[in-house]
Amino acid sequence: MPKLVKDGAIIEDTWQRLDKPEGEAAEVRVPEGQVIVPLSVWQAQREQLQARSDIGVWIDSDESAYDLGNDAQSLPLVAVNFPAFMDGRAFSTARLIRERFGFNGELRAVGGFIRDQLCYLSRCGVNAFRFDDDNADLEKAQQSLADFTEFYQAGVDQPQPLFRRRA
Amino acid sequence: MYIYDQYDHEILRQRVAQFRDQTERYLAGDLSEAEFLPLRLQNGLYVQRLAPMLRINVPYGMLNSTQLRRLARIARDYDKGYCHVSTRQNIQYNWPDLDQVPNILAELAEVEMHGTQSSGNCIRNVTSDQFAGVAPDEIVDPRPYCEIVRQWSSFHPEFAFLPRKFKIAISGSEMDRAAIQVHDIGLQLVRNGSGEIGFKVLVGGGLGRTPVIASAIREYLPQEHLLTYLEAILRVYNLHGRRDNKYKARIKILVRAMGAETFAEAVEQEWQHLKDAPSTLRREDIERAKSYFTEPDYQNLDDASAQAQLEQQASDNIAFGKWLSRNVRQHRVDGYAAVTLSLKPTGIAPGDITDTQLEHIANLAERYSFAEVRTTHEQNMVLADVKKTELFDLWQEARKLGFATPNIGTLTDIICCPGGDFCSLANAKSIPVAEAIQRQFEDLDYVYDLGDLDLNISGCMNACGHHHVGHIGVLGVDKKGQEFYQVMLGGNAGNKASLAKVLGPAFEAEEMPEVVQKVVNVYLENRTEEELFIDTYQRIGIAPFKERVYAKAS
Ligand code: SF4
């Protein structure tokens with residue numbers, strides 16, 4: 001089973017992620033088990049899916065956290081996708097999911113992000129990292145989380161900016 | 001000047017360690033070219049035509065003599081003995097070895113300097129007025145706010161992978177010397193009716209392919225909300241700025257597409273959620289930042305007698321008088337003046353400076369100006385706090401060292417990007433053209449008589465040489481593999497910002513001095529007593545210039 005980094009530890013990934021549908025989102029059959037569905041599928045099948053406790057939603061970089069909105073609070077997992085690592089919209093989306101919509105569950109980065117982004121992503125509220133590349137060195141990735149241990153700005157991890165914490 | 005505490009040092013130390021590791025991984029083949037690219041850019045490292053180029057931030061242009069000496073040492077030990085002052089007040093090294101860059105950054109960190117976010121699609125080094133704190137027309141000293149923004153933007157986790165680069169400039173005076181109208185965000189410090197401090201916020205200005213003058217999206221933002229409001233702007237941009245086409249990715253394109261009003265509303269909506277968050281500045285936070293920019297130990301001086309002495313010296317020595325009128329500026333404090341050291345003698349690439357020159361400037365700064373200097377976006381250096389009674393001595397020393405060319409603000413004080421000699425994006429060389437024009441106008445008296453005249457040269461549309469806002473702008477273009485130069489007239493930086501208009505078909509490099517001469521002649525023939533070049537241009541328009549320059553040889 002593929003692995004991921006979650007809360008600083010390397011664990012097995014028990015979730016499967018559905019690709020965006022080619023056809024109608026309403027027609028997609030969501031399988032049993034822990035499934036991360038695309039935002040469009042969630043929107044189209046919200047009624048049925050809400051009844052399940054093993055559904056997560058992933059938001060693509062060109063989709064808006066506002067379209068998931070407060071629904072996030074009822075989900076165990078929300079993922080933000082990086083179609084390419086240079087596409088930094090997921091950083092803002094993650095913060096909105098946490099800070100605007102009060103999501104407390106697993107916030108996962110998926111897609112093509114790179115190890116060197118982990119520290120910043122975790123500051124934006126992401127606590128799980130599932131690399132596209134199954135051969136990514138997760139131990140090294142884990143270490144990158146600690147690239148910085150002190151920061152100037154407020155973040156999800158530390159709501160007080162440094163200027164308020166300075167002696 | 002800001003002084004690092006243990007937090008700043010620790011953060012910077014971690015950054016150097018991070019980049020050292022990234023560089024090692026890249027050299028070992030563990031990090032791909034594409035992945036290393038934004039990481040090295042965010043540490044200031046470009047790969048240029050001939051060699052890497054390392055850009056070091058000079059936060060809002062402030063340097064002390066220790067830093068100057070360290071920059072000199074790095075130029076000597078890691079480069080070819082010189083560096084370059086950029087048009088964004090930064091320092092660039094043109095020949096460092098890639099594997100040495102982490103060592104250079106470690107040396108810089110010791111003197112509280114770095115290349116963090118000096119390039120790449122992130123928030124760049126905030127720029128300001130080189131006369132901050134000493135200008136008589138200053139409303140509020142912008143430097144404490146620059147430092148607040150510097151800290152907020154450094155290693156900002158949310159905004160390190162923006163659609164495109166992002167530049168913020170802050171001005172605190174009536175005359176805008178920070179070109180805030182052509183930045184992604186321009187902040188003008190103002191006081192409201194009750195004397196409280198705030199900002200007028202401009203967004204979406206910029207040069208480059210699509211030059212735009214910024215739009216005001218807020219007339220008055222109380223100072224305590226500075227950071228949350230910036231965060232709102234950046235978030236709207238990060239989420240909505242275009243990412244499909246790098247030429248359409250700057251915030252100016254987004255502002256234009258949405259319309260300034262709609263953009264302002266989007267920011268306002270976002271801000272309503274961020275307003276009053278812990279990032280709101282308390283009085284003591286602002287006071288703390290201000291405590292680093294207190295007045296130096298000014299003496300109580302007799303301005304009238306100092307002034308009388310200067311006038312005497314100026315009439316005894318014409319060369320000194322010219323230098324005084326071009327390179328020396330009024331100071332807020334009696335008995336002091338601000339001096340611009342020219343880095344533009346003819347024959348030297350504008351802004352280039354050697355290791356020993358840097359050390360000489362460090363000496364001058366220590367002897368005459370509280371050991372501090374400022375870099376300018378016109379690519380010169382400023383000693384901001386010189387006693388008027390010592391100006392003559394300073395002039396004599398500066399002259400021996402080659403920093404006293406009395407050309408500040410004149411035609412030969414050319415702003416010029418590195419261009420095709422160094423830059424891999426260039427369409428054409430810019431330095432040789434600058435030099436040829438300087439040679440055409442070697443007669444200092446003549447140049448002096450022309451008065452204020454900005455000539456700006458960029459080697460391509462990226463406009464690092466700010467050609468759109470030069471009174472005379474020159475843009476290098478490429479036609480079928482050959483270098484040509486397009487001439488523009490009527491641009492203006494500062495309060496009355498305007499963008500230059502294209503004069504007509506482009507010229508070959510050899511023609512350029514002659515073309516500029518013709519443009520200048522039209523001015524000389526048409527000017528009234530009190531008119532500067534830009535005034536005459538605005539009165540008579542572009543047509544007479546066009547006629548002269550493109551007249552068929554008879
Ligand atoms: S204007 Fe063009 S040629 Fe000049 S430095 Fe910028 S990118 Fe390079």
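Along its principal axes, region A:48-167 has C-alpha extents of 52, 36, 24 angstrom, given from the largest down. Of all lysines in the structure, those lying under 22 Å Cα to Cα from A:K6, and not within fewer than 8 positions of it along the same chain, are A:K140.
Evaluated with a Cβ-only charge set (Lys, Arg +1; Asp, Glu -1), region B:303-401 carries a dipole of roughly 280 debye about its Cα centre, given to the nearest 20. The base-10 log of I(q)/I(0) for chain B, evaluated at q = 0.06, 0.10, 0.11, 0.13 Å⁻¹, reads -0.28, -0.84, -1.03, -1.47 [Debye formula, identical scatterers on Cα atoms, solvent excluded].
The spread of Cα positions in region B:1-59, taken along each principal axis and listed from longest to shortest, comes to 37, 24, 14 Å.
Partner aspartates and glutamates whose Cα lies under 17 Å from the Cα of B:K387, excluding those fewer than 8 positions away in the same chain, are identified as B:E295, B:D297, B:D302, B:D303, B:E311, B:D334, B:E366, B:E372, B:E397.
Each of A:T149 and B:L27 was given a label point 7 Å from its Cα along the Cα-to-Cβ line. The distance between the two points is 2.6 nm. Per residue, chain B exposes 37 Å² of accessible surface when a 1.4 Å probe is rolled over the protein heavy atoms with every protein chain present. Take the Cα pairs of region B:303-401, get the Kirkwood Rh, then feed it into Stokes-Einstein at 25 °C and 0.890 mPa s and tell me D in µm²/s. In µm²/s, the coefficient rounds to 178. Computed over the protein assembly as shown, the P(r) curve from all C-alpha pair distances, binned at 20 Å from the origin, holds 17, 48, 28, 7, 0 percent per bin.
Just the Cα atoms of region B:6-110, one point each, no solvent: what log10 I(q)/I(0) does Debye give at q = 0.11, 0.16, 0.21 Å⁻¹? For the requested q values the scattering log ratios are -0.33, -0.71, -1.22.
Heavy atoms of the protein chains alone define the surface here; on that basis chain A has 43 Å² accessible area per residue at 1.4 Å probe size. For the protein assembly as shown, the cysteines with no partner cysteine C-beta closer than 4.7 Å are A:C119, A:C124, B:C83, B:C122, B:C146, B:C416, B:C423, B:C460. Note on region A:3-166: dipole from Cβ charges, positive end direction compared against A:L107, A:I55, A:L18; the farthest Cα belongs to A:L107. Model label sites at B:E261 and A:E12, defined 7 Å from Cα along the beta-carbon direction, differ in position by 6.0 nm. Residues within the reach of a label modelled at B:I139 (point 7 angstrom out along Cα to beta-carbon, backbone nitrogen below 14 Å), restricted to region B:216-236, are B:216-223.
Interface residues of region B:225-240, defined as those losing at least 40 Å² of solvent-accessible heavy-atom surface relative to the isolated chain (probe radius 1.4 Å), are listed as B:R235, B:L239. Ranked by the mean number of other Cβ atoms within 10 Å of their residues, highest first, the peptides B:247-254, B:116-123, B:454-461 come out as B:454-461, B:116-123, B:247-254.
The accessible-area loss of region B:114-133 on complex formation, taken against its chain alone with a 1.4 Å probe, reaches 10 Å² or more at B:N121.
Apply the a/c threshold of 1.5 to the C-alpha gyration tensor of region A:11-76 and tell me whether it is rounded, prolate or oblate. Rounded, because the longest to shortest axis ratio a/c is under 1.5.
With the gyration tensor restricted to C-alpha atoms of region B:412-554, the semi-axes of the equivalent ellipsoid amount to 23, 16, 15 Å, longest first.
For the interface of B with A, what's the total buried accessible surface in square angstrom, probe 1.4 angstrom, rounded to the nearest hundred? Don't skip to the answer; put the middle values down first.
Numbers: alone 22430 and 9110 Å², together 27820 Å².
Approximately 3700 Å² gets buried when B meets A.
Ordering of B:349-357, B:536-544 by packing is B:349-357, B:536-544, highest average first (other Cβ atoms within 10 Å, averaged per residue). Using a simple charge model, +1 on the beta-carbon of Lys and Arg, -1 on the beta-carbon of Asp and Glu, nothing else, what dipole does the protein assembly as shown show about its Cα centre, in debye to the nearest 20? With Lys and Arg at +1 and Asp and Glu at -1, about 760 debye. For region B:158-310, the number of Lys pairs separated by eight or more positions or lying on different chains, with C-alpha atoms closer than 21 Å, is 10. If I compute solvent accessible area with a 1.4 Å probe over the protein chains, what percent of it on the protein assembly as shown is carbon and sulfur? Percent of accessible area from carbon and sulfur atoms in the protein assembly as shown: 47. What the pair-distance distribution of region A:98-167 shows, using all Cα-Cα distances binned every 5 Å from zero, is 3, 15, 25, 21, 18, 11, 5, 2, 1 percent.
The values are calculated or read from the model by the stated rules, or taken from the named source; none is laboratory data. The shown structure was predicted, so the numbers you read here are calculated from the model rather than taken from an experiment. Backbone-built Cβ (ideal geometry, glycine too); neighbour counts: all protein chains shown. Remember, those area values only see protein heavy atoms, side chains included, never the ligands or the DNA or RNA. Shrake-Rupley method; radii C 1.70, N 1.55, O 1.52, S 1.80 Å.
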